[in-house]
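The values are calculated or read from the model by the stated rules, or taken from the named source; none is laboratory data. These numbers were taken from a predicted model, which means no experiment stands behind them. Cβ placement follows ideal geometry from the backbone for every residue including glycine, while neighbour counts extend to all protein chains displayed.
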Amino acid sequence: MSYTVKFHHVMKKFKMHGKSSDKLKDLLLPGGYGEDFYALRNISFEAGAGDVIGIVGVNGSGKSTMSNLIAGVTQPTSGGIETRGQASLIAIAAGMNNQLTGLENIELKCLMMGLDKEQIRAITPSIIEFADIGKFIGMPVKKYSSGMKSRLGFAISVNMDPDILVIDEALSVGDQTFTDKCLRKMDEFKERGKTIFFISHSIGQVKKFCKQALWLEYGELREYGTIEEVIPHYEQFLKEYKDMNKEQQQAFKEAAMRKQAGEGLELAAASSSSWSFSRLWGKR
């Protein structure tokens, strides 16, 4: 398989800080400071051109962490990630400066993605038309609603025509008309063989739009395969969890919290190699 995104035993660890001074201690002290939190543990998978993958999982399972890793917003603590082509993340207010206007944020985000001034001037009218937020385009983003931020972020990302598109709950806000407009644009990307990762709590949208599903459960890869294979298992899990009593749900959450604190990682590390990828931008 010719892949565009490849994860190899990827882990992402954060430090839990109770107060601002703890962050400074984390930077200064050898080995850091604070409790470990593993947002992702030992994740391996491949995605190819034309794959449309729905990333599902309950809150706290690591979906947004994975989207940031795919887009290169953050780097893994260990393991390797390889991407071939330009990746763009669409999330509410992702990469935006609240103090700047919509127009200024268009320029800022495009510059961050490597476009020059001439290229930015060329695509700005299309971005403004797609976002369709009227006079707000000249106002500071801090005055935008969450739906307006999502509209502008989506418009910027799709008009830069990335090879890999990562959509993190960006269609969960705003009106249905704009959602339908976004889905039509994403269908165009599907037809052109782009790699798309679609993160949503709407199982209906995932079923309708995606070909594959990647199920995360509190930082671990539970299942990865076709929509027909994975989603029924995920829906059954949700039903079984809902049917648990409070004590059973609490026991399940406590077991997940122990894993995310690092329980059992020694065995996982021993079974995986120390091999790592470099990130390859712009290569086909």
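Could you grab me the full set of residues in the range 87-99 that are more than 18 Å from Ile199 (Cα to Cα) and crowded, with 17+ Cβ neighbours inside 10 Å?
Met96
Pick out the one residue from Lys15, Lys25 that is in a strand (DSSP E or B), without any contact (Cβ under 8 Å) to a residue 24 or more places away in the chain and out of contact with any Leu (no Cβ under 7 Å at 6 or more places or on another chain).
Within the list Lys15, Lys25, the selection yields Lys15.
Which is at pLDDT 90 or above and among the hydrophobic types (A, V, I, L, M, F, W, C), of Met96, Met66?
None of the others qualify; the one that does is Met66.
A quick yes/no check of all residues on (1) closer than 30 Å to Phe37 by Cα; (2) not β-branched (Val, Ile, Thr):
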position: Ile120; (1), (2): no, no
position: Ile128; (1), (2): no, no
position: Ser145; (1), (2): no, yes
position: Met148; (1), (2): no, yes
position: Ala155; (1), (2): no, yes
position: Asp168; (1), (2): yes, yes
position: Phe197; (1), (2): yes, yes
position: Lys207; (1), (2): no, yes
position: Lys211; (1), (2): no, yes
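When the range 1-47 is examined, which residues are found to be closer than 28 Å to Gln205 by Cβ, surrounded by fewer than 16 Cβ atoms within 10 Å (Cβ to Cβ) and small (Gly, Ala, Ser)?
Ser2, Ser44
List, please: which pairs have Cβ atoms under 6 Å, are six or more places apart or on different chains, and start with a residue in the range 183-202 that is closer than 28 Å to Glu217 by Cβ and end with one that is among the polar types (S, T, N, Q) and assigned to a helix (DSSP H, G or I)?
If the second residue must be among the polar types (S, T, N, Q) and assigned to a helix (DSSP H, G or I), the pairs left are Ile199/Ser67.
Cβ-Cβ under 6 Å, sequence separation 6+ or interchain: first residue in the range 216-242 and farther than 25 Å from Phe7 by Cα, partner assigned to a helix (DSSP H, G or I). Which pairs?
Hits for this filter: zero, empty list.
In the range 170-229, which strands (runs of 3 or more DSSP E) lie fully inside it and hold 1 or more residues that are acidic (Asp, Glu) and out of contact with any Lys or Arg (no Cβ under 6 Å at 6 or more places or on another chain)? I'd like the intermediate steps shown before the answer.
Details: elements: 195-199, 212-217, 220-226.
Ranges flagged: 212-217, 220-226.
Looking at Leu265 and the list (1) surrounded by 12 or more Cβ atoms within 10 Å (Cβ to Cβ); (2) at pLDDT 90 or above, which single condition is not satisfied?
The one condition Leu265 does not meet is (2).
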